[in-house]
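*Asks:* Quick one: this structure, given as structure tokens, is what I'll be asking you about.
The values are calculated or read from the model by the stated rules, or taken from the named source; none is laboratory data. Quick caveat, the model's predicted, so the values are computed rather than measured. Every residue, glycine among them, receives a Cβ derived from its backbone with ideal geometry; neighbour counts consider all protein chains shown. The accessibility values were calculated without ligands, DNA or RNA, using every heavy atom of the protein model including side chains. Shrake-Rupley method; radii C 1.70, N 1.55, O 1.52, S 1.80 Å.
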Amino acid sequence: MVERKRVLSGMRPTGRLHLGNLHGALDNWVQLQRHYDCFYFVADWHALTTDYASPGQIEASTWEMVLDWLSVGLDPARSTLFVQSSVTEHAELYLLLGMITPLPWLERNPTYKEQQQQLTQKDLATYGFLGYPVLQAADIIIYKAHGVPVGKDQLPHVEMTREIARRFNFMYEKEVFPVPDPLLTEVPVLPGTDGRKMSKSYGNCIYITEPEDVIRDKVARMMTDPHRVRRNDPGDPELSPVFAYHKIYSSPSEIEEVARGCRTASIGCVDCKKILTRNILRVLAPIREKRLDLEGRMDWVREQMRLGTDAARRQARETMADVREAIGLGKPL
Ligand code: TRP
């Protein structure tokens, strides 16, 4: 059998995942399992770069997120699932990459400035936060990954990873690291219930494993085309977040039917939402069931993550042996 190419991606532990996470990243991660040697990890050290002053939620969020991962079909029998902070080799490579990474590369990083401006309640003028992309580069190249499935926002980080990998290979005259490619997933942006980007901090999320009555309620309250004030006003489906959801959850004929119905005012928002609710519930029911089952088997879940972490560590150690040799540090005593 030909060796499968390796992909790697990580997610910061944010707790329970929402539909934006599902359709923006996880669906794709699940699909990639069919053709790639997949490594997926909980980036808990990355969470610490912004939450160092109140890290109390990180561990609990890790397990909430892992439960959602397994519920949507990430499969520990097929993919290597692990927790970053348990593979301390990442930190060793991070330190060594720090030696060769020019400071201006980090100061130029667009997310560094943006996040500092946005998260004003946190002091992000730290060494750790500046070094975020170096840690991310270590995460990726320590597994010699070929592809990194990410959203657009992460492209500058993958680009820096490529530059760091090239610089290492060049400086120590050895092709230790493949230069990884970003695997951009063109995904429909799923708005939150208020039409803005779905985000925990906006309180406009629908969570993957939300109870049925909560989903009903959230869809019922979801924003629609703001110009369609009365039932008899024709609307524009493209202005309604409800329609963005139909595009994901409903059949082609239903999508056409609600679009036409909206434009001609032959269907009201209440009925349009009923169709959507039914379709969302059909997709999410098995995921919620799986989650309930897994919650009752936490020992098994933890064991799977431990096995994944052991497997990741073996790979990471192999790479670190190459790295030490390339630099000329000699074998550890
Ligand atoms: N920075 C990524 C995010 O916020 C998470 C991440 C950390 C990551 N290390 C990674 C993603 C390595 C891909 C590969 O989403």
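*Asks:* Let me check I've understood the local charge: for Arg108, count other residues with C-beta under 13 angstrom from its C-beta, Lys and Arg +1, Asp and Glu -1. What total comes out?
*Replies:* Working: positive: Lys113; negative: Glu107, Glu114, Glu159, Glu163.
Combined, the nearby Lys, Arg, Asp and Glu give -3.
*Asks:* Something else: Just to confirm the number: angle between the C-alpha axis of helix 269-295 and the first principal axis of the chain, 0 to 90 degrees, nearest 10?
*Replies:* 40 degrees
*Asks:* Please give the FRET efficiency for Asp213 paired with Glu303, using the beta carbon to beta carbon distance and R0 = 35 Å, rounded to the nearest 0.05.
*Replies:* 0.55
*Asks:* For the stretch 246-333, state which trypsin sites (Lys or Arg not before Pro) are in a DSSP loop and have at most 15 other beta carbons lying within 10 Å of their beta carbon.
*Replies:* Those that pass, being in a loop and sparsely packed, are Arg297.
*Asks:* Okay, moving on. Springs between alpha-carbon atoms under 10 Å, Gaussian network over the chain: tell me which of Val258, Val148, Val187 tops the mean-square fluctuations.
*Replies:* Fluctuation is largest for Val187.
*Asks:* Another one. Compute the length gained on full extension between Ile327 and Ala60: take 0.36 nm times their separation in residues and subtract their Cα-Cα distance, giving the result in nm to one decimal. Present the calculation step by step, with values, prior to reporting the outcome.
*Replies:* Working: separation 267, 0.36 × 267 = 96.12 nm, distance 3.84 nm.
Value of the extension gain: 92.3 nm.
*Asks:* Let me ask you something else. Excluding same-chain residues fewer than 8 positions from Lys113, which lysines have a Cα within less than 28 Å of its Cα?
*Replies:* Lys122, Lys152, Lys197, Lys200
*Asks:* Determine the calculated [θ] at 222 nm for the chain from helices alone, applying -39500 (n - 2.57) to every DSSP H run no shorter than 4 residues and normalising by the residue count; nearest 500 deg cm²/dmol. Display every interim value, and only then the final one.
*Replies:* Values: 14 runs with 175 residues, N = 333.
Calculated from helices alone, the mean residue ellipticity at 222 nm is -16500 deg cm²/dmol.
*Asks:* 7 Å from Cα along Cα→Cβ at both Arg314 and Arg231: what's the point-to-point distance in nm?
*Replies:* It works out to 6.5 nm between the two label points.
*Asks:* Ok, one more. Mind pulling up the Rg/Rh value for the chain? Radius of gyration and Kirkwood radius, both on Cα.
*Replies:* On the way: Rg = 22.3 Å, Rh = 21.8 Å.
Looking at the chain, the ratio lands at 1.02.
*Asks:* Now a separate question. At most 16 other Cβ atoms within 10 Å and a DSSP loop assignment: could you name the chymotrypsin sites (Phe, Trp or Tyr not before Pro) in the stretch 163-230 that fit?
*Replies:* Values: sites: Phe168, Phe170, Tyr172, Tyr202, Tyr207; in loops: Tyr172.
Here the sparse-neighbourhood loop sites are Tyr172.
*Asks:* Suppose R0 equals 56 Å; then what is the FRET efficiency for Phe170 and Ser253 from their Cβ-Cβ distance, rounded to the nearest 0.05? Don't jump to the answer; show the numbers that get you there.
*Replies:* Values: r = 56 Å, r/R0 = 1.00.
In this case the efficiency is close to 0.50.
*Asks:* Here is a further query. Once the other residues with Cβ under 12 Å from the Cβ of Arg313 are scored (Lys, Arg +1; Asp, Glu -1), what is the net sum? Mind showing how you got there, number by number?
*Replies:* On the way: positive: Arg306, Arg314, Arg317; negative: Glu89, Glu92, Asp310, Glu318.
Around Arg313, the surrounding residues sum to -1.
*Asks:* Dipole of the stretch 209-292 (Lys/Arg Cβ +1, Asp/Glu Cβ -1, origin at the Cα centre): which of Ala285, Ala220, Gly268 lies farthest to the positive side?
*Replies:* Ala285
*Asks:* For the chain, give the share of DSSP beta bridges that are antiparallel, in percent and rounded to the nearest 5; count only bridges with both residues there.
*Replies:* Values: 2 of 17 bridges.
That works out to approximately 10 percent antiparallel.
*Asks:* Kindly identify the stretch 209-292 as rounded, prolate or oblate by the Cα gyration tensor criterion: order the square roots of the eigenvalues as a ≥ b ≥ c, call it rounded if a/c is under 1.5, otherwise compare a/b with b/c, prolate if a/b is larger, else oblate. Show your work: numbers first, answer last.
*Replies:* Details: a/c = 2.81, a/b = 1.90, b/c = 1.47.
Since a/c reaches 1.5 and a/b is larger than b/c, the shape of the stretch 209-292 is classed as prolate.
*Asks:* Could you report the stretch 209-292's accessible area per residue, 1.4 Å probe, as an integer in Å²? Let's see the in-between values first.
*Replies:* Details: 4630 Å² over 84 residues.
For the stretch 209-292, the per-residue accessible area is 55 Å².
*Asks:* Need one number: nm distance between label points at Ala220 and Trp105, each 7 Å from Cα along Cα→Cβ, rounded to one decimal.
*Replies:* 5.4 nm
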